[in-house]
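Okay, structure first, notes after.
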C-alpha cells in the first residue's frame, strides 16, 4: 500500500494531547509528517517550532507540517495532497489529526472511510486516545464523550502518571486501566509521564503495520479479548456511583435500559464490546444486506465495527470491513489470509446494543438472503 497513513489522536479536555503532540514534534521520526489540528482546540504549537507560515499550512522547524482546520476537513486533505505533489510544501508520508477535547472522533473516521478523494490517497493507521491518570476515572464516570473516545481507540495512552502521588500511583493506574479494559478489552494501554512519548506509541496501531509492511490482524482485532462476555458496567466502583451514572445519562436523554433486553433491571447505558465469530463462509450479498440493515436500524449506536470476513466466492482472500456509526468503508479484499484460521471475526463497539441483538440480526438477514437467492434462480 502506498497511501498516506493517518493517525487520529483524541482524548478528553486536559488529557494531555497538547503535551503529547508538542513532544512528538521534537522527534526526527516526525520530519515527514503533516499535523492537522482544530483551530478551536486547546492545542498550542510551540512558537520556537514554527519556521514559516503559508495560509493555513505551517512548516515547523523540524520539517513537519501543521494545518489548522478552518473549514472542511476534506478540503484540508485535498490541499495537502495537491501541494505535496506540486512540491510547494515538503513531502510527507503520514498525517496526524488532533481532535478537540469534546469532539466525537466518529465523523473524522467516516471521512477517511468513505470520501472518494481521501480513500484514494489516505488510509487509517489507527486511533490513539489519551486519558490522564489524575482525572481519568472521574471523566469516564461523568462525560459520555470521554467514554466514547476511549472505547473506539486502537491504543490508549495514560498520561500525567508522574504527577500522581507516589503512594497513590499504583492504585490509580490500576483502577483507570481496569475501567478502560472493561470498555475496550483489546486496545493496548501505555503509561507515560508528562512529556515522555515516542512516535512508536502512536504509529502502527491499525491492521497494517507501516514499518514491517505486513498485515497484523491479531493485533488489530485481538478477538480473543472480546470473547469473554460483554462488559455491562465498567464503572461499578459502588452502587452509589452506578446510580449516579444512570441518573446523569437519564438527565441527558439516554435510556438506561439495555436495548432490546430485559426491562426488569438496569444495565450501564454506555459501551458494550464483543466479537461475532462465524465458522462458515457467508455470501457477499448477505454481508452487504447485514451491514446495510445494521446501519439503517442502529447506525448511531455502532461506535466502531471492524473485522475480517470469509466470503463464499473468495475463499483465499479475506474481506476487511471497517465502520463508524452510519458509515462503512468500502469492502476491501486482502491478498491472502494471515493464518490458518479462516473464520469470520467481527468486533463491535456499541452504545447499548448487545451481542444477541447483532447475532439475531445476522441470522435474520442470512435467511432473507437465502430466500432472495432462491427466488432469483
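For segment 179-193, the criterion of being at pLDDT below 80 and surrounded by fewer than 14 Cβ atoms within 10 Å (Cβ to Cβ) is met by none of the residues.
So which residues in segment 145-172 are touching a strand residue (DSSP E or B) at 6+ places or on another chain (Cβ under 9 Å), under 23 Å from residue 23 (Cα atoms) and part of a helix (DSSP H, G or I), if there are any at all?
Filtering segment 145-172 down to residues touching a strand residue (DSSP E or B) at 6+ places or on another chain (Cβ under 9 Å) leaves 146-161, 163.
Subset that is under 23 Å from residue 23 (Cα atoms): 146, 149-150, 153-161, 163.
Scanning segment 145-172 gives 146, 149, 150, 161, 163.
Counting just the residues of segment 272-321 that are touching a residue at least 60 places away in the same chain (Cβ under 8 Å), within 17 Å of residue 366 (Cβ to Cβ) and within 21 Å of the chain's Cα centre (by Cα), which one comes out surrounded by the most Cβ atoms within 10 Å (Cβ to Cβ)? Only one residue fits best here, namely 294. Of all the criteria given as (1) modelled with pLDDT under 80; (2) assigned to a helix (DSSP H, G or I), the one not satisfied by residue 204 is (2). For residue 66, the conditions (1) at pLDDT 80 or above; (2) buried (at least 18 other Cβ atoms within 10 Å of the Cβ) are fulfilled apart from (1). Please determine whether any residue of segment 285-307 is farther than 29 Å from residue 104 by Cα, touching a strand residue (DSSP E or B) at 6+ places or on another chain (Cβ under 7 Å), part of a helix (DSSP H, G or I) and modelled with pLDDT of 80 or more. No, every residue in segment 285-307 fails to be farther than 29 Å from residue 104 by Cα, touching a strand residue (DSSP E or B) at 6+ places or on another chain (Cβ under 7 Å), part of a helix (DSSP H, G or I) and modelled with pLDDT of 80 or more.
The values are calculated or read from the model by the stated rules, or taken from the named source; none is laboratory data. Just so we're clear, the structure is a prediction, and the values are computed from it rather than from any experiment. Note: ideal-geometry Cβ built from the backbone for every residue, glycine included; neighbour counts use all protein chains shown.
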